[in-house]
Protein chains: 2
Amino acid sequence: MIPLGGIGEIGRNMTVFELDGKILVVDCGVLFPEEHQPGVDVILPDFGYLRDRMQDVVGIVLTHGHEDHIGGVPYLLRLREDIPIFGSALTLAFIVSKLKEHRITAQTQVVAEGQRVKIADFDLEFIAVNHSIPDALAVLIRTSAGSVLHTGDFKMDQLPLDGRLTDLRAFSRIGEEGLDLFLCDSTNADVPGFTPLEKDIGPVIENVISRSKGRVVVASFSSHIHRVQQVVDAALANNRKVALVGRSMVKNMQIASELGYLKAEPETFVDLKNAISMPQDQVVYMSTGSQGEPMAVLSRMVNLEHEIEIGQGDTVILASSLIPGNENAVYRVIDGLTKLGANVVHKGNAKVHVSGHAAAGELLYCYNILKPKNVMPVHGEYRHLIANGNLAQQTGVPSERVLITEDGWVVDLVAGKADIVGAVECGLLYVDGKTVGKITEDDLKDRRILAQEGFISIFCVIDAQTGRIASGPEIRARAFAEADHVFDDVKPLIERAMAEAAAEGIRDTYAMQQVIRRTIGTWVAKAHRRRPMIIPVVITY
Amino acid sequence: MIPLGGIGEIGRNMTVFELDGKILVVDCGVLFPEEHQPGVDVILPDFGYLRDRMQDVVGIVLTHGHEDHIGGVPYLLRLREDIPIFGSALTLAFIVSKLKEHRITAQTQVVAEGQRVKIADFDLEFIAVNHSIPDALAVLIRTSAGSVLHTGDFKMDQLPLDGRLTDLRAFSRIGEEGLDLFLCDSTNADVPGFTPLEKDIGPVIENVISRSKGRVVVASFSSHIHRVQQVVDAALANNRKVALVGRSMVKNMQIASELGYLKAEPETFVDLKNAISMPQDQVVYMSTGSQGEPMAVLSRMVNLEHEIEIGQGDTVILASSLIPGNENAVYRVIDGLTKLGANVVHKGNAKVHVSGHAAAGELLYCYNILKPKNVMPVHGEYRHLIANGNLAQQTGVPSERVLITEDGWVVDLVAGKADIVGAVECGLLYVDGKTVGKITEDDLKDRRILAQEGFISIFCVIDAQTGRIASGPEIRARAFAEADHVFDDVKPLIERAMAEAAAEGIRDTYAMQQVIRRTIGTWVAKAHRRRPMIIPVVITY
């Protein structure tokens, strides 16, 4: 078994199971870049290990429809399009819609909880789990080498909106049968206690709407169908229609309605265009953009670039988490909306969000019911994995049977014992524009330097005969924060250095460029205490 | 009265009071840049308004020694060095030490709580307030136009370590005398209840240390002398010496010890060098770097670049807040230390930090005791100002007497009424390297583009006679994430476009550069779906 992503990070989840030369993939998601990875669109699991093995891949199992579990599938299928994909009805609807945009037609097979499916010699059983998207599945993989339970993402809401509980009866059966290896969601392992009920959010939202006389905008994740359901119900209870706002919100709710996951009469909804011309106390806008994304609905409202014009007496509810790294952007949105006159309700001042992941208290139940022989915490940053492993140990799993791994580490399961036996190369695969894996860490380092310091480029035409400057130096600087005339000081220095180089008989372009680089580098460090990128170009003529 | 910083932001606090042509400045701090302001060192209040009025400035009052209140002083004094500075003993010790580094000798006058000082026609009274740095002062400014109380930063810890309470008796006297305008710290106005006691942190830290058998590192802000005092006491209680780590920690604690704010025998401390060679269960390292700053102690430990080598069984305590925007960096440090084997204790899993600012419950006390005629919330982002204003209104201040302002807005106090009467220009003054105010928003936009997309520069030598390319195009790209050969496709396009331009008789350098820019811009958008910065340079020869 090899995790190719998702260990030591929250995102790009992908695990590879190998048995008698056949490969089963569980999940294939994306990771969103941080501020030190500028310009990167998304980050993929490192498929490198599979590149020459694509014919051995017998299937892809998707545990649920979140981007960090399905977002990488289109890129993987570019390597081989006809790999069969298994998942629940909603999960497959989401991935099929996504693949369509990439012009890929996939082979899919719907599975449901309780169902058993044999793929090569992998004997799979699917188990219902509860999460912040409906229709999530855990998967039990029975093999001749032993059994593995992969939870996917889950929590144990005991009063879920759809009544679909994490199936502890199935967990009990599996425990009694004997579980060799337990791969368990670590996201909230360091959060004590229990994740509160999703259904407690509805009344809070309904109450806020009932006290609102103006426009109401609710923002959340577009895949969180139960959250949207509660907003829809709260809107109806207040005699308001619902306008869906944002491309993914519209698309996902269409899928969810067609499949029956979102329960609402068609007349509940109103087009954005019509909504805007209605009396504003008769509509609720259900929108994306809860993370302060600069191009999303909420940010555009703040910048007065959206057709929904927020003003005095309006209410905006951020019914969402605050993903670490997004704080500044989200607070900018909250401040901007407040400044426009809106009352902004968010998880900082009201109970309008609960997590989708099991907290420590819930995880302890799982360990006690399953009594796994080996445990490997997955889906978490390092501190989460450690916290999850500690929970396992507290329920009696011996410390040497708790595997804290990294992306690319190879885990072997033999005779009831899982051990780390090696590692494959596993880096970060960056998507930028049309390119996949073309951006390197060096490029990102260049980007960070350019962002911090800007650049200076220097062009010289050199007389091939004499080696002296025939034209130039022309100097262009950007983001260097200085007027062009500052370079008047350094031009004579370059001219002198080049004349000396010419006198020494230097005619090689690269060597002349180095002379320029050194001269301007020394000058700029001393005169400006700055270290911009320096790009000398010499053409001999 | 004009706030030149600190309104709508937490940082660069500076307020200007003007009376009969004389100007009094209260505080002059820095703001730390966010991720959309790359390469900026710090941001200053916009002094522009004062530039031609420096001879009218009669004094600078510093409420306390934090960077966001004193960090801008060296830059202001560059405009006029001999402005008298007033502040408490500790505050002045901090600013004098800072000015020394800038090679500025300041005129300072120590003031203390209870003291009255007349500066021009400003009649000042200083009042003790409690904050996360000792010796903080509020200032009451009595003038012929009315009285103004500026809290500076404060909270109302009722059992402070040094017994120095926020002086509510003085607030009561001022309230009875009649207060015209109240400028009040808004930082925690949206936090319900009361800030917990600082002294409750000590026992938690002591307990963690007592259970630690290996190295113990505690990180906090180097100006938080009471926090350091509690760590020192906890170390002594566990028979450990204290090694101060980080330049500012060493410097500030030296000042604090000399002035008697930090109470510890000299033999309590041990040099870092000696500490490292001691048995590690006999020392506590008191360090900076609690915000995950890349070059600070904690990050260097994670990267194995620090002489303190963290390993299995060690303990690291982050006894500090998590400033919004720093989350990713701090979690990277926590994960890195965990990976090295350390037990990391932080405010997410233990009570090792309390805020330095008054929460809503405390602010209500102030409003009820002072009963100010006019209120202007300061020191906060927009949502904090609004929350603070709402608290004032709930205690009976009429809404029209609550002034929600912005940086640069002019507030006039006449006959007991404060009103917004205008605005002066007030932008963000960026410091970068040696430059102050040279970086513009355009430069920052360039930096963001360079970070996201990189750049392509194209260099051509043009025959002045024919207008045709004599040499080149030479193309250099950085951070564009492509091998150089990708430009093989576009070179013929440039050559063709330039030949056409030459045939049309175009000889102007700028026009030829525009031809190149258009050609390569169209190509890169289509072929790579990217929008790098494009820098064409044409030299005619």
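One decimal, nm, shortest first: give the distances between the label point of A:Val421 and those of the same position in the other copies, each label point 7 Å from Cα along Cα→Cβ.
8.4
Which value, in Å² and to the nearest 10, is the accessible area of B:Glu381 when all protein chains are kept and the probe is 1.4 Å?
Only protein atoms counted, so the area is about 40 Å².
In the range B:438-467, what residues drop by 20 Å² or more of accessible area when the other protein chains are put back, versus the chain on its own? Use 1.4 Å, and skip ligands and nucleic acids.
SASA drop of 20 Å² or more in the range B:438-467: B:Lys438, B:Asp443, B:Asp446, B:Arg447, B:Leu450, B:Ala451, B:Gln452, B:Phe455, B:Ser457, B:Phe459, B:Val461.
Add -39500 (n - 2.57) for each DSSP H run of 4 or more in chain A, then divide by its residues: what number comes out at 222 nm, to the nearest 500 deg cm²/dmol?
Helices in chain A give a 222 nm mean residue ellipticity of -9000 deg cm²/dmol.
Measure nothing but the geometry: give the 0 to 90° angle between the long axis through the Cα atoms of A:360-370 and the longest principal axis through the Cα atoms of chain A, rounded to 10°.
60
Before anything else, pin down the relative contact order of chain A: Cα pairs under 8 Å, at least 6 apart, normalised by residue count, whole percent.
15
If you roll a 1.4 Å probe over the protein assembly as shown with all protein chains in place, what percent of the accessible area is carbon or sulfur?
Summing carbon and sulfur atoms, their accessible area is 49 percent of the total for the protein assembly as shown.
Taking only protein heavy atoms and a 1.4 Å probe, what accessible area per residue, in Å², does the range A:253-304 have with all protein chains in place?
That works out to 52 Å² for each residue.
For the A and B pair, go ahead and give the buried accessible area with a 1.4 Å probe, both sides summed, in Å² to 100.
When A and B are taken together, about 5600 Å² of accessible area is lost.
To the nearest 20 Debye, how big is the dipole of the protein assembly as shown about its Cα centre, given +1 on the beta carbon of each Lys and Arg and -1 on that of each Asp and Glu?
Charge dipole of the protein assembly as shown: 260 debye, to the nearest 20.
Heavy-atom accessible surface, probe 1.4 Å, ligands and DNA/RNA ignored: which residues of the range A:321-349 lose at least 20 Å² versus the isolated chain?
Residues of the range A:321-349 that lose at least 20 Å² of accessible area once the other chains are added: A:Pro324, A:Gly325, A:Glu327, A:Asn328, A:Tyr331, A:Arg332, A:Asp335, A:Thr338, A:Lys339.
Pull up the cross-link candidates among the aspartates and glutamates for B:Lys373, meaning alpha carbon to alpha carbon under 13 Å and not fewer than 8 places away within one chain.
Output for B:Lys373: B:Glu176, B:Glu177, B:Asp180, B:Glu400, B:Asp419.
Using a 1.4 Å probe and ignoring any ligands, DNA or RNA, find the accessible area of B:Ser320 and quote it in Å² to the nearest 10.
Result for B:Ser320: roughly 10 Å² accessible.
Relative to the longest principal axis of chain A, what angle (0 to 90°, nearest 10) does the C-alpha long axis of helix A:225-237 take?
Helix A:225-237 sits roughly 70 degrees off the main axis of chain A.
Given B:Lys241/B:Lys263; A:Lys22/A:Lys434; A:Lys351/B:Lys199; A:Lys351/A:Lys371; A:Lys371/A:Lys417, which pairs have Cα atoms separated by over 25 Å?
Too far apart for the 25 Å limit: A:Lys22/A:Lys434; A:Lys351/B:Lys199; A:Lys351/A:Lys371.
Give the accessible surface of the range A:79-198 per residue, rounded to a whole number of Å², with probe radius 1.4 Å and ligands, DNA and RNA excluded.
That works out to 38 Å² for each residue.
Report the full-extension gain for the segment A:Thr268 to A:Lys445: residue separation times 0.36 nm, less the Cα-Cα distance, to one decimal in nm.
Working: separation 177, 0.36 × 177 = 63.72 nm, distance 5.05 nm.
Taking A:Thr268 through A:Lys445 to full extension adds about 58.7 nm, to one decimal.
Residue by residue, what Karplus-based ³J(HN,Hα) values in Hz, rounded to whole numbers, does the range A:521-533 have, using 6.51, -1.76 and 1.60 with θ = phi - 60° and x for Gly and Pro?
x, 5, 4, 5, 5, 7, 6, 10, 6, 9, 10, x, 5
Given a 1.4 angstrom probe, what's the average accessible area per residue across the range A:314-390, in square angstrom?
Each residue of the range A:314-390 exposes 30 Å² on average to a 1.4 Å probe.
Show the residues, 5+ positions off or on another chain, whose built amide H is closer than 5 Å to the amide H of B:Gly59.
B:Val25
Cα axis of helix A:201-210 to longest principal axis of chain A: angle in degrees, 0 to 90, nearest 10?
80
Give me the net charge for the shell around A:Gly146: Cβ to Cβ below 11 angstrom, other residues only, Lys and Arg +1, Asp and Glu -1.
On the way: positive: A:Arg142, A:Lys373, A:Lys417; negative: A:Asp180, A:Asp412.
Here the count lands on +1.
Accessible area drop of at least 30 Å² (1.4 Å probe, protein heavy atoms): which residues of the range B:352-384 qualify, relative to the chain alone?
Residues passing the criterion (a loss of at least 30 Å², heavy atoms only) are B:Tyr382, B:Arg383.
What is the set of long-range amide H partners of A:Val344 at a cut-off below 5 Å, with H atoms built 1.01 Å from backbone N?
A:Val316
Tabulate in residue order the Karplus-calculated ³J(HN,Hα) for the range B:280-288, using 6.51 cos²θ - 1.76 cosθ + 1.60 with θ = phi - 60°, rounded to whole Hz; enter x for Gly and Pro.
So the Karplus estimates, Gly and Pro as x, are 6, 8, 10, 9, 10, 8, 9, 10, 8 Hz.
The values are calculated or read from the model by the stated rules, or taken from the named source; none is laboratory data. Bear in mind that the values here come from a model prediction, so they are computed numbers and not experimental data. Because the Cβ atoms are built from the backbone with ideal geometry, glycine has one as well, and the counts that use them run over all protein chains shown. We work out accessible area using only protein heavy atoms, side chains counted, and drop any ligands, DNA or RNA first. Shrake-Rupley method; radii C 1.70, N 1.55, O 1.52, S 1.80 Å.
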